[in-house]
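Please read the structure below before turning to the comments.
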Amino acid sequence: MTNLKFSELEKAFRNNDFPLIENDGRGIRFLKLRSMSRKATMEEFCEIHNIDLNGFKSKDYLGHIFQNNDITDSIINEFINQKYQEERADRSNNQDYLVDQLNRLQYFDWGGSYGNSLEKNIVNNYVKKIQSYENINKEIEGSLLTSLRGYTLNSWYNHWTSIIIEDLFKDHDTVLPTVGLVKKIDFFISDIPFDLKVTYFPEQLLADKLKDNGYGNELTMLKRICRKLKIFIPDDLNPKGLKLHLYGKVSEDQRADAKEFIATLKQEKRAIIQEAENDPAELKKWLYENQGEARFDASNRFFLVLTDETDMSNSWKLKRNIVFLRDRITSHLDNLSMDMASLETTFYWKLDKKTYSCKSDVLFLKYGE
């Protein structure tokens with residue numbers, strides 16, 4: 001195992017070369033200190049441990065502490081945990097209020113088919129297409145306001161639920177939190193850095209698996225059962241919206257054929273998700289290979305996959321179900337054994353035609369099993 005110089009580790013960090021850092025003898029030490037590299041935090045740490053900072057600029061604090069052999073890993077861990085507990089106390093006191101506020105969101109809708117690309121939507125579909133001052137004002141008050149509200153509410157919901165879920169991990173004894181924000185690391189488990197990704201079972205992968213298993217296209221099957229039962233099929237919705245709409249109508253239909261259709265579809269999806277839980281290698285690879293281009297990276301990730309098996313369209317609500325989340329996350333961490341072989345993940349990124357290696361873990365949280 002190598003022992004890179006501090007400057008070499010810094011360069012690797014700037015270049016997002018996390019495998020090089022992790023495989024270094026002092027790489028994890030570097031990352032832990034990197035998470036507490038704010039000037040005030042470093043000065044507090046040095047004051048506690050009688051480290052002389054005279055003659056050093058604040059940008060040199062990190063390297064100075066890193067090279068101090070009297071500062072052991074246990075000293076660093078103890079300080080990080082202490083700082084986290086101080087930060088956590090404020091959030092703990094406010095947690096019930098925050099969860100209550102999050103439960104007031106009734107619909108998770110980005111405000112149209114443009115997803116969260118709000119700026120691109122505004123420029124392409126309003127700024128560049130509408131010439132009339134009167135018409136663009138009407139659109140602002142109408143569809144654009146809907147998009148803005150959906151984007152803002154969904155972003156608000158995702159931000160605060162992410163903080164709550166991160167805390168549930170960091171509260172566990174086996175997890176070492178980060179003190180400040182450090183790119184691509186939310187916490188350490190058994191000295192392995194992880195970036196937490198809270199997600200759902202990918203719709204596209206689910207659709208592909210349904211076809212592979214001989215079920216066919218879900219929207220096509222929904223249209224077929226609707227025609228059989230003479231349920232009206234509108235023509236003013238995009239495919240995603242139409243699928244949700246028809247699924248809701250068929251789910252509410254009390255006729256035997258409708259009930260059988262929904263039961264079969266749910267069972268098909270449950271079987272696919274169970275197969276992925278039994279052997280998550282394919283899912284982890286898929287999640288890396290299908291990440292957004294703008295946010296691409298090959299960092300270690302801990303995937304938390306949330307699924308409401310009674311109605312997958314409601315899986316987003318599980319992000320605020322703190323009792324359910326705490327019980328399942330705590331149980332998983334209590335019994336977690338970091339099997340390095342199972343964590344190793346290799347994927348191919350088609351845009352730069354390179355193969356990447358990293359570590360990843362996945363926890364399936366299924367509601368209504």
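The values are calculated or read from the model by the stated rules, or taken from the named source; none is laboratory data. Quick caveat: nothing in here was measured; it's all calculated off a predicted structure. With ideal geometry, Cβ positions are generated from the backbone for all residues, glycine too; neighbour counts draw on all protein chains shown.
Tally time: how many residues in segment 98-139 are among the aliphatic types (A, V, I, L, M) and modelled with pLDDT under 90? Counting residues in segment 98-139 that are among the aliphatic types (A, V, I, L, M) and modelled with pLDDT under 90 gives 3. The C-beta contact set for segment 267-280 (first residue closer than 16 Å to D208 by Cα, second residue of a type in the set (D, E, K, R), distance under 6 angstrom, 6+ apart or interchain) comprises R270/E309; I272/K209.
Can you name the residue in segment 146-198 that is of a type in the set (V, I, T) and free of Cβ contacts under 8 Å to residues at least 40 places away in the same chain and is also nearest to L287 (Cα to Cα) among such residues? Among residues in segment 146-198 that are of a type in the set (V, I, T) and free of Cβ contacts under 8 Å to residues at least 40 places away in the same chain, the one nearest to L287 (Cα to Cα) is T152. Does segment 328-343 include one or more residues that are surrounded by 19 or more Cβ atoms within 10 Å (Cβ to Cβ), of a type in the set (S, T, N, Q) and at pLDDT below 95? The answer is no; no qualifying residue exists. Being crowded, with 16+ Cβ neighbours inside 10 Å and at pLDDT 95 or above is the filter here, so list the residues in segment 284-299 that pass it. Hits for segment 284-299 are K284, W286, L287, Y288. So, in segment 34-50, of the ones that are of a type in the set (A, V, I, L, M) and at pLDDT below 95, which residue ends up farthest from F18 (Cα to Cα)? Ranking the qualifying residues of segment 34-50, first place goes to A40. Consider D257 carefully, then state whether it is surrounded by fewer than 17 Cβ atoms within 10 Å (Cβ to Cβ), touching a helix residue (DSSP H, G or I) at 6+ places or on another chain (Cβ under 9 Å) and at pLDDT 95 or above. Yes: the conditions hold for D257.
Given the residues T161, T152, which is the only one that is surrounded by fewer than 16 Cβ atoms within 10 Å (Cβ to Cβ), within 27 Å of the chain's Cα centre (by Cα) and assigned to a helix (DSSP H, G or I)?
Going through T161, T152 in turn, just one is surrounded by fewer than 16 Cβ atoms within 10 Å (Cβ to Cβ), within 27 Å of the chain's Cα centre (by Cα) and assigned to a helix (DSSP H, G or I): T152.
Cβ-Cβ contacts under 9 Å between residues 6 or more apart (or on different chains), taken from a first residue in segment 308-333 that is without any contact (Cβ under 8 Å) to a residue 60 or more places away in the chain to a second residue that is buried (at least 19 other Cβ atoms within 10 Å of the Cβ) and assigned to a helix (DSSP H, G or I), are listed as L318/L325; F324/L318.
Restricting to segment 36-49, name every residue that is within 11 Å of F79 (Cα to Cα), in a loop (DSSP other than H, G, I, E, B) and of a type in the set (S, T, Y). None - no residue of segment 36-49 is within 11 Å of F79 (Cα to Cα), in a loop (DSSP other than H, G, I, E, B) and of a type in the set (S, T, Y), so the list stays empty.
To keep it simple, each residue is scored yes or no on (1) over 30 Å from E10 (Cα atoms); (2) of a type in the set (F, W, Y); (3) surrounded by fewer than 16 Cβ atoms within 10 Å (Cβ to Cβ).
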| position | (1), (2), (3) |
| --- | --- |
| D70 | no, no, yes |
| D73 | no, no, yes |
| Y97 | yes, yes, yes |
| D100 | yes, no, yes |
| N103 | yes, no, yes |
| G111 | yes, no, no |
| E119 | yes, no, yes |
| N125 | yes, no, no |
